[in-house]
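This report refers to the structure that appears directly beneath it.
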Amino acid sequence: MVTRKETRAAIIALHKNGFTGKDIVATKIAPKSTIYRFIKNFKERGSILVKKASGRPRKSSKRQDRLLKRIQLRDRSATSAELAQEWQQAGVSASARTVRRRLLEDDLVSRRAAKKPLLSKKKTSGTD
């Protein structure tokens, strides 16, 4: 399997060797829009390195996210605030809202147990 970095390098190598965008598209190593975007970025920056993504960095790593998922699956009834506290003990200081967001990324959504009617009457203490 060819990685994205290798694909990018191959496109730029072909471009440097005088191939046009149309010639590179004919090789079918990547979609047309991708090829032209890589060439444009190479011309602007002079490098095939990818620009660092903008925005705020994540509070937790992928490894810490997996830990949160394991914590949650161990106790399905735990609230996001409780999970945040337990996650904090593992070294991640994040809010309950962040916990909910991370769990949503893993398709884990909160559920409340349905109230069901009792099958038999409760025994009361005292006289009947």
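The values are calculated or read from the model by the stated rules, or taken from the named source; none is laboratory data. Since the structure is predicted, the reported quantities are computational estimates derived from the model, not experimental observations. Reconstructed Cβ throughout: ideal geometry from the backbone, glycine too, with neighbour counts over all protein chains shown.
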Residues of region 24-59 satisfying the condition of being among the polar types (S, T, N, Q) and modelled with pLDDT of 90 or more: 33
Somewhere in region 52-75, is a residue of a type in the set (A, V, I, L, M, F, W, C) and within 30 Å of residue 9 (Cα to Cα)? yes
Please verify whether residue 81 is at negative phi and under 16 Å from the mean Cα position of the chain (by Cα), treating the condition exactly as stated. no
Exactly one condition in (1) out of contact with any Ser or Thr (no Cβ under 9 Å at 6 or more places or on another chain); (2) basic (Lys, Arg); (3) surrounded by 13 or more Cβ atoms within 10 Å (Cβ to Cβ) is not met by residue 59; state its number. (1)
Output the number of the condition that residue 67 fails; it satisfies all remaining conditions of (1) closer than 30 Å to residue 94 by Cβ; (2) part of a helix (DSSP H, G or I); (3) in contact (Cβ under 8 Å) with a residue 40 or more places away in the chain; (4) of a type outside the set (Val, Ile, Thr). (3)
For region 86-108, which residues satisfy the criterion of being in a loop (DSSP other than H, G, I, E, B) and over 13 Å from residue 69 (Cβ atoms)? 91, 93, 94, 95
Filtering region 17-73 down to residues that are over 30 Å from residue 97 (Cα atoms) and small (Gly, Ala, Ser) yields 18, 21, 26, 30, 33, 46, 47
Scan region 15-55 for residues that are exposed (fewer than 10 other Cβ atoms within 10 Å of the Cβ) and not in a helix (DSSP H, G or I) and report the count. 9
